[in-house]
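Here's the structure, in structure tokens; my notes come after.
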Amino acid sequence: MEVTRLSGLGVALATPFIKGNGRYGAESVDIPAFKALVRRVLEGGTDFLVVLGSTGDAATITDSERDQLIRAALEEAGDTPVVVGTGHNSTAAAVALASRAAALGAQALLVVTPYYNKPQPAGLEAHFRAVAEAASGLPIIAYNVPGRTGLNMIPSTLARLWQIPQVVAVKESSGNLAQIGEIARTLPPGKLLLAGDDAFALPAIALGASGLISVIGNILPKETKALVQATLSGDILTARAIHVKLLPIMDALFMESNPVPLKAALELDGQCQRAVRLPLVPACEATRTALAQLLEPFGMATNTGD
């Protein structure tokens with residue numbers, strides 16, 4: 001697959017759950033709702049799909065559910081690339097997840113830096129090399145999200161990963177615009193920088209990012225695609241106008257831990273239940289109310305009942 005197919009708008013898909021009476025919250029994955037969500041974001045112009053990332057509740061998904069979700073995304077995707085999250089803080093587990101995703105037909109992998117362990121740069125490089133060896137030649141997007149992992153992959157460490165041919169892109173979610181700028185400045189030919197935060201899409205692309213992996217794209221894919229396209233084409237006035245319009249919703253989607261508010265927004269739009277699994281709990285009423293008010297002008301938030 002050409003690396004450029006991982007540019008533009010990627011949507012980090014939510015994983016809809018069916019609410020149950022189990023001890024740990026939602027009991028099963030809602031595959032029909034997931035497929036409907038995939039179709040919705042594709043109709044909105046999404047360039048590539050990301051399954052089983054942070055937004056996809058990957059931390060509480062079972063192995064059998066992972067297979068179901070990957071297969072479902074591939075069935076609906078058509079020619080659109082499907083990127084599968086296969087990160088883990090155990091290298092052996094990450095290797096197994098990468099190998100399985102490749103066997104199921106994934107076109108690329110999203111590999112988060114190992115969380116909790118806080119590996120040294122040499123350990124991080126060895127981790128990604130091991131995953132690359134198991135990935136059957138698939139391109140890899142390295143995922144830097146220090147707010148979740150406790151480790152910030154600084155540009156000098158990323159430079160080591162660029163030496164691995166399969167590491168073709170970085171999803172940069174540090175929230176540090178200076179760091180984003182430095183990654184863009186030192187980006188090797190043939191490698192991609194992708195914004196990992198919706199609110200940073202405009203400045204990151206203006207600095208040299210090739211696209212965005214989005215949360216808000218689950219609920220407003222057309223508007224998010226328009227933001228990305230306008231910024232990539234250099235139409236900053238249009239991009240800024242869209243950014244200003246979407247920013248309050250972008251912020252509201254992180255009023256509680258992602259994907260809790262997103263699940264509430266999807267429920268308000270009648271797309272799925274707001275169910276999550278422990279240790280997460282469903283969005284509080286204040287979050288739901290705020291989202292309903294923000295989404296109403298977009299013709300959403302019609303399902304306000306319990």
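Can you find, within segment 290-306, the residue that is modelled with the lowest pLDDT among those that are farther than 19 Å from Leu247 by Cβ and of a type in the set (S, T, N, Q)?
Thr304
Just to be sure I understand, how many residues within segment 154-185 are more than 18 Å from the chain's Cα centre (by Cα), of a type in the set (Lys, Arg) and buried (at least 17 other Cβ atoms within 10 Å of the Cβ)?
Looking only at that region, the number is 1.
Report, by residue number, each residue of segment 3-57 that is hydrophobic (A, V, I, L, M, F, W, C) and assigned to a helix (DSSP H, G or I).
Val3, Leu6, Ile31, Ala33, Phe34, Ala36, Leu37, Val38, Val41, Leu42
Of everything in segment 1-35, what is in contact with a Cys (Cβ under 7 Å, 6 or more places away or on another chain) and buried (at least 24 other Cβ atoms within 10 Å of the Cβ)? Give them in sequence order.
Pro16
Return the only residue of Ala98, Ala103, Ala72 being over 20 Å from Ile213 (Cβ atoms) and either at pLDDT below 95 or not in a strand (DSSP E or B) (or both).
Ala103
Filter segment 36-69 down to the residues that are among the β-branched types (Val, Ile, Thr) and crowded, with 21+ Cβ neighbours inside 10 Å, then identify the one that is nearest to Leu104 (Cα to Cα).
Taking the candidates together, the pick is Val51.
I'd like the full set of residues that are part of a helix (DSSP H, G or I) and either surrounded by fewer than 21 Cβ atoms within 10 Å (Cβ to Cβ) or in contact with a strand residue (DSSP E or B) (Cβ under 9 Å, 6 or more places away or on another chain) (or both), limited to segment 267-287.
Listed by number, the residues that qualify are Glu285, Ala286, Thr287.
Looking at this structure, is Pro119 buried (at least 21 other Cβ atoms within 10 Å of the Cβ) and not β-branched (Val, Ile, Thr)? Please lay out each step first, then the result.
Values: buried (at least 21 other Cβ atoms within 10 Å of the Cβ): no; not β-branched (Val, Ile, Thr): yes.
Taking the combined requirement at face value, the residue does not satisfy it.
Restricting to segment 221-261, name every residue that is of a type in the set (Ser, Thr, Tyr), more than 26 Å from Ala275 (Cβ to Cβ) and surrounded by 22 or more Cβ atoms within 10 Å (Cβ to Cβ).
Looking only at segment 221-261, we keep the residues that are of a type in the set (Ser, Thr, Tyr), and these are 224, 231, 233, 238, 257.
Restricting the remaining residues to those that are more than 26 Å from Ala275 (Cβ to Cβ) gives 231, 233, 238.
Thr231 - this is the single residue of segment 221-261 that is of a type in the set (Ser, Thr, Tyr), more than 26 Å from Ala275 (Cβ to Cβ) and surrounded by 22 or more Cβ atoms within 10 Å (Cβ to Cβ).
Six or more apart or on different chains, Cβ under 7 Å: which pairs go from a residue in segment 50-79 that's on the phi > 0 side of the Ramachandran plot to one that's surrounded by 16 or more Cβ atoms within 10 Å (Cβ to Cβ) and among the hydroxyl-bearing types (Ser, Thr, Tyr)? Could you list them?
Here the result reads Asp57/Thr15, each pair linking segment 50-79 to a residue that is surrounded by 16 or more Cβ atoms within 10 Å (Cβ to Cβ) and among the hydroxyl-bearing types (Ser, Thr, Tyr).
Residues to consider are Gly150, Gly196, Gly211; find the one that is more than 13 Å from the chain's Cα centre (by Cα) and modelled with pLDDT of 95 or more.
Just a single option satisfies the conditions, and that option is Gly150.
Are there any strands (runs of 3 or more DSSP E) wholly within segment 155-266 with 3 or more residues that are under 27 Å from Phe298 (Cα atoms) and touching a helix residue (DSSP H, G or I) at 6+ places or on another chain (Cβ under 9 Å), and if so which?
In segment 155-266, the matching strands (runs of 3 or more DSSP E) lie at 211-214.
Which number in (1) closer than 23 Å to Arg148 by Cα; (2) free of Cβ contacts under 8 Å to residues at least 40 places away in the same chain; (3) of a type in the set (Val, Ile, Thr) marks the one condition that Thr86 misses?
(2)
Look at Leu202 and say whether it is more than 22 Å from Val3 (Cβ to Cβ) and in contact with a Phe, Trp or Tyr (Cβ under 8 Å, 6 or more places away or on another chain).
no
The values are calculated or read from the model by the stated rules, or taken from the named source; none is laboratory data. Predicted, not measured: the structure shown is a model, and the values here were computed from it. As a convention, Cβ positions derive from the backbone with ideal geometry for all residues, glycine included, and neighbour counts pool all protein chains shown.
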